[in-house]
Each structure stands twice: as C-alpha cells, then as structure tokens.
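Enquirer: Sending over a structure as structure tokens; questions will come in a sec.
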Amino acid sequence: MIGFDLRAICLSDLDDIIKIHQKEMRGNTGTEQLPENLRPGLTETFGLPLGLAHSENRMIGYSYAFVDEKNEIHISSSFENDSERAKAGEVLLDFSRKVLYSSFGGDYKDPAGEVAKIRNSIRILVDWINRAS
C-alpha cells in the first residue's frame with residue numbers, strides 16, 4: 001500500500017488546487033488562507049493542472065504543466081508540505097506525464113505546435129478562473 005491515490009484533475013478540484021498554489025506563491029507554511037474577495041488573479045504561473053494525489057479524502061498535492069522562457073514544456077508539482085511531496089512526488093509526476101500525453105497527443109513532430117497548445121490551454125483556463133472568481 002502506498003498511502004495515497006492518484007487521479008486526473010476534475011473541475012471540482014480547482015478550488016483546492018488554487019489554495020495550494022496561492023499558499024506556495026506566498027511562501028506561507030501556515031494554514032491561513034486569503035478571504036475569497038481578496039484573492040489576487042491567477043497568472044500563467046498557475047500552469048495547466050493535470051493530476052492529483054489524495055489521501056484520506058483530502059488532496060495532498062497536484063501536478064501541472066507549464067511552458068518556460070525557452071518554450072519548453074515541463075511538469076511540476078505542488079504539495080501541502082514536504083513530507084507529502086516525499087511520499088507522492090515522483091509517482092505523481094510519472095502519472096501526470098501520461099495524462100499530458102493522452103490529453104495532447106504529444107507526438108512532438110511539431111514541438112512549436114505542442115508548446116502553443118499547452119500555452120493556449122493555460123491562458124484559457126487562467127482567464128476562465130479569473131472571470132469566474
């Protein structure tokens with residue numbers, strides 16, 4: 001038994017994902033959350049969420065794709081804390097590579113096209129979340 005489960009992201013996960021993302025962006029190790037009406041808008045650093053790890057009916061971390069300044073696609077992860085990252089980090093990243101490949105094809109015959117698809121998806125998602133907030 002590994003102590004956590006993995007699955008692809010669902011829309012209903014976004015609130016928890018945003019909370020973890022904002023906590024990481026603030027560098028806050030406490031549990032204090034910004035009130036809903038004071039949440040700053042998300043930027044493309046939010047990335048494209050792909051997979052999540054959960055344990056005991058709570059999200060412990062999630063993974064996301066992003067495009068760096070060199071136009072390269074990467075997958076990273078954010079976790080509630082370092083012990084959760086140690087427990088699930090690499091397995092979640094491996095799972096997320098499969099999710100990304102199955103969602104976007106990933107044949108990489110057209111690297112610029114793949115980057116454009118990911119970047120466009122991130123923009124659309126971030127714009128949608130910011131408008132809905």
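Enquirer: Among the residues of segment 103-133 satisfying the criterion of being part of a loop (DSSP other than H, G, I, E, B) and over 26 Å from G41 (Cα atoms), which is modelled with the highest pLDDT?
Expert: G105
Enquirer: Which residue is farthest from K19 (Cα to Cα), if the candidates are limited to segment 59-74 and must be free of Cβ contacts under 8 Å to residues at least 40 places away in the same chain and surrounded by fewer than 20 Cβ atoms within 10 Å (Cβ to Cβ)?
Expert: K70
Enquirer: Looking at segment 82-101 only, could you name the residues that are closer than 18 Å to E72 by Cα, out of contact with any helix residue (DSSP H, G or I) (no Cβ under 9 Å at 6 or more places or on another chain) and either crowded, with 17+ Cβ neighbours inside 10 Å or without any contact (Cβ under 8 Å) to a residue 24 or more places away in the chain (or both)?
Expert: Hits for segment 82-101 are D94, S96, R97, K98, V99, Y101.
The values are calculated or read from the model by the stated rules, or taken from the named source; none is laboratory data. The shown structure was predicted, so the numbers you read here are calculated from the model rather than taken from an experiment. Please note: Cβ atoms are built from the backbone with ideal geometry, for glycine as well, and neighbour counts cover all protein chains shown.
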